[in-house]
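Only one structure is covered here, and it is reproduced in the block below.
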Amino acid sequence: MTNQKVAIITGGSSGIGRATAVALAKEGIKVVIAARRAKESEETLQLVKKAGSDGIFVKTDVTRENEVEQLVELAVGKYGRLDYAFNNAGIEEDPTPFLDQSSTVFDDIMNVNVKGVWLSMKYEIPQMLKNGGGAIVNTSSAAGIIALAQMPIYAASKHAVLGMTKSAALEFAKSRIRINAIAPGAIETDMYERVVGNNKQMQEALKAMQPIGRVGKPEEIANAVVWLLSDKASFVTGHTMIVDGGMVSR
């Protein structure tokens, strides 16, 4: 990686997205932060600059095609190229019995977690083709490999990300665009806090699901993403990197 390279990170306002923005900045990568929350995204941007790189924030709803298209246009307009993308924007599902699930929740989760990744790649890939190559990482989940009871829509969305990642990886392999996915376990993020809250029983249950005996840190996922984007992973495409403390190995 060199300081001439540029990355887009969706869902860059906090958690895994923020940690990855900082990790890429430490590698000298210019970072374009895309998210809906402005205040938190500006905080991420300051951390990017503190880490020694440059970046911009573009307010983006990944479910809106015109906003995703504008995001990529602004990134290329500012820095002249696009080399990397971490399509990380996603929302969770409150544990709910299957028969009580609603169409509204289904549409919201699928729009962000699946359509958002599809739209992001749709506009990122043409710019990478102009460069003669690039690398993309999409955020799935351990729930994209196994399943979680009472979270069927979330699990379905994260399974879908893996299928889309593999399909795109096959199509663009000879164009020197590598496309992989990351599958985190339970990680200390805002999303984790929203799902778990102060529920000690759920906290302990999630820890117990991960044989390593603890919840992961955003930086541990960021390290894996940076590797997948880097030339060190030059022969890796269509791959799902599981970073889950052993959860899916049970």
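The values are calculated or read from the model by the stated rules, or taken from the named source; none is laboratory data. From a predicted model like this one, the values you see are computed outputs, not experimental measurements. Note: ideal-geometry Cβ built from the backbone for every residue, glycine included; neighbour counts use all protein chains shown.
Numerical summary
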| read-out | value |
| --- | --- |
| Residue in the stretch 172-193 that is assigned to a helix (DSSP H, G or I) and in contact with a Phe, Trp or Tyr (Cβ under 8 Å, 6 or more places away or on another chain) present | no |
| Flag if Phe57 is under 17 Å from the mean Cα position of the chain (by Cα), assigned to a strand (DSSP E or B) and more than 20 Å from Val114 (Cα to Cα) | yes |
| Search result, residues across the stretch 77-109 that are assigned to a helix (DSSP H, G or I) and either surrounded by fewer than 17 Cβ atoms within 10 Å (Cβ to Cβ) or modelled with pLDDT under 95 (or both) | Gly77, Lys78, Phe98, Leu99, Asp100, Ser103, Thr104, Val105, Phe106, Asp107, Asp108 |
| Residues satisfying the stated conditions in the stretch 200-234, i.e. of a type outside the set (A, V, I, L, M), more than 21 Å from the chain's Cα centre (by Cα) and assigned to a helix (DSSP H, G or I) | Lys200, Gln201, Gln203, Glu204, Lys207 |
| Per-region count, the stretch 146-183, residues among the β-branched types (Val, Ile, Thr) and either in contact with a His (Cβ under 7 Å, 6 or more places away or on another chain) or within 15 Å of Val248 (Cα to Cα) (or both) | 2 |
| In the stretch 151-182, the residues that are exposed (fewer than 15 other Cβ atoms within 10 Å of the Cβ) and in contact (Cβ under 8 Å) with a residue 12 or more places away in the chain | Leu170, Ala173, Ser175 |
| Test for Ala181: is it under 19 Å from Asp244 (Cα atoms) and more than 15 Å from the chain's Cα centre (by Cα) | no |
